[in-house]
Every structure is written in structure tokens, then in C-alpha cells.
1. Where the Cα atoms of region 205-313 are projected onto their three principal axes, how long is each span, largest first, in whole Å?
2. When the distances between all Cα atoms of the chain are binned every 10 Å from zero, what whole-number percent does each bin get?
3. Over the chain, what relative contact order in percent results from Cα pairs under 8 Å that are six or more residues apart?
4. At what distance in angstrom do the alpha carbon centres of region 164-239 and region 289-308 lie from each other?
5. Under 10 °C and 1.306 mPa s, how fast does region 1-154 diffuse according to Stokes-Einstein, given a Kirkwood radius computed over C-alpha pairs? Answer in µm²/s, whole number.
6. Taking the full set of protein chains and a 1.4 angstrom probe, give the accessible area of THR58 in square angstrom, rounded to the nearest 10.
7. Express in nm, to one decimal, how much length is gained between VAL15 and ASP51 on full extension, taking 0.36 nm for each residue of separation and deducting their alpha carbon distance.
8. Largest first, how would ASP150, ASP59 line up by accessible area (1.4 Å probe)?
Amino acid sequence: ESAEGGNEAKSYREVMSSLPRVKNLSANDCYLYQGFWYDSLFLERLMSAQDHFIPLSTDIFITSCPKTGTTWLKALTFAICTRSRLSGSSASSLLTKMPHECVPLLEYDLAQNPLKRDCAVPLVSTHVPYSSLPKSIISSCCKMIYICRDAKDAFVSLWYFIADMQRSKNVEPVSLEEAFELFCSGISSYGPYWDHVLGYWRASLEFPEKILFLTYEEMKRDTAAHVKKLAEFMGCSFTAEEEEEGEVQKIVSMCSFEKLSNLEVNKNGMHSLDTSYAVKNSVFFRKGEIGDWENNLTPEMGARLDDIMEQKLKGSGLKL
Ligand code: A3P
């Protein structure tokens, strides 16, 4: 670590020590920074990215709150923009690398080493809320694709993810009820969930040509139409010839839950950011369905979260 880097890290830690702090769903400390909750692992790097990250003019940002379909969207966008280079999905890196390894994470991979990426693939992912994105991104012409999902399903997905991670560390997972209380009070990584969604929603209304706002549910209902829409938005539409050759359907199948979750790399591989965040790739592929909250939350819990979302989104024009 250079002296300058060391001083900088120290000053970020000083900022962190002055922030409101609580235990989050995974019983780790999380910090309230610019209106959102962050795990320490990502916050320090986010601050560094805010100070230093410069996007390439060709970058496209894959943005989301955790557990809303990020892995799927990464796979789809990666498959779309590498399709000609790799001459068909049979050669895709997605067969041997998990989607998170194909698309770097801004507030982890690129905060300190902006070149840790394949510059031929113009994709960068982030969970950072719109209002805290580095200014260099906001003022750039870079496009962004945002995905979100029914809050109840996002919560259930998050709870399973955390419980899985805790179990692998031999830690007793937080109960579903406790986790639900935290989530409803806005405390979850990169939460409050509703504020995350609203930030990108409003930005997408203001800059529709720059920000494509998608939901997991609409992507599930008609994935092929969304693959075409994504390609068009990304500036690499399918040609009539490609469509005739079934290229769209090949990408839909390649990135489907069934296909990806059954690949060796995603069944038995590990995804590790650092030792405290090593997780099995398989935890990113749980059920891949709409409405699984019903099997996990009581109707009362569901209604409560629906009410919260309705109130928070009131007047925004968005219904989730
Ligand atoms: P469930 O836990 O409801 O199954 P993220 O990628 O943002 O972490 O979101 C994870 C959610 O997306 C999980 O939801 C996971 O199963 C689902 N998912 C992962 N890959 C998918 C795919 N190819 N198609 C549809 N859903 C997928």
C-alpha cells in the first residue's frame, strides 16, 4: 500500500467511525452513509471509487439492489455483448465462469484497481444507489440498466442468502422474523430498499435514453423480448439474420436459471471477494421464481411490506 493510499484508507476509516452504525441482517456492522446502509467491506471502497473512479465512455453499468436478479442480468448482458466475439453461446465464458466473475463490481473490484477488467467487455456492475454513484459516472454519457423486484421476494431471497452464508461460517443465522423487522425499517445492505428503487426510477424518468429500468417479473414473463430490448439499448441490436438463426433464443436458454444453475462452476465453484465473503456460487441460484415469498412469509408480513412499499412509492408512478 502506498503512503498516499494508506493515508486515504485511514481517512475513510475516520469518516466511517463517525457514521451511525447498527448490526445488519448478517449480524455484521453496517454504516449509514449518504442515506443508505453499507457493509464496511464495500463502504471504504465506495468512498475510494467516489474519489477516483473514471468510467470509460463505452461503459454500461448494471445496477441493482442485492438479490433482485443481478446475476441473471449480468449473464444476459454479457452474453449479448460478447455474442459476435465468441461466435455463438457455445463458446461463452459463462460456461466456465460464474456471471459475477464476468462482470466486475465497481465498489469492490474497480475501486482500487480500475484496470482489473476486460476492456473489450464494456460492463461494470454496482449496487451503489443512484445518489451515491461517483460523480464521474453521473456526468458521463454512460448508459445504465437497473433491475429490481417485488420487495417480498427480494427480502426472502436475501434472507436465504445470508442464512446460507452464516451456516457455512458455523454462525447461527438471524431469524426470518428479526431479519424482516430490520428490512422493514430500511436496514439491509444498500437499503432502504424502496429508496434504492426510487432513486433509479426517478433518474430513469429524467434520462430515459440513459437509464433502462427493468423488473425481474417482466423479464421472467418475456425474456426473449427483453433480450432484444437490452441489445437495442446497449447499442448492439440483433440483425435480422441473427434473429432468423435463433440467436435471441440461444441467449435466453444459455442464461436461464436451469442452464446456469446446473453448470459445474455454479454448482460447485466458490465466489470469494475476501475471506469473510467467500460464498458458494450455488447460493446465487436458489429458486429463480416469482412469488416464493408466499412459502416463507405469513400473509400479514406480506401485507405489511406491501403497505410500506405502496406508501414509499406513492406518487412516483411506479408500482412494484
Ligand atoms: P431467489 O432467491 O428468489 O431464487 P442476485 O443475482 O441479485 O443476487 O439475485 C438472486 C436471485 O436471482 C435469486 O432469487 C436467484 O435464484 C435468482 N436468479 C439467479 N440466476 C437466475 C437466472 N438465470 N434466471 C432467473 N433468476 C435467477
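1. Result for region 205-313: principal-axis Cα extents of 51, 40, 28 Å.
2. Over the chain, the share of Cα pairs per 10 Å bin runs 5, 26, 36, 25, 7, 1 percent.
3. 22
4. Distance between centres, Cα-based: 17 Å.
5. D = 95 µm²/s.
6. 90
7. Taking 0.36 nm per residue and subtracting the Cα distance, the gain is 11.6 nm.
8. ASP150, ASP59
The values are calculated or read from the model by the stated rules, or taken from the named source; none is laboratory data. For clarity, every value in this text was computed on a predicted model and none was experimentally measured. Heavy atoms of the whole protein, side chains included, go into the accessibility calculation; ligands, DNA and RNA do not. Shrake-Rupley method; radii C 1.70, N 1.55, O 1.52, S 1.80 Å.
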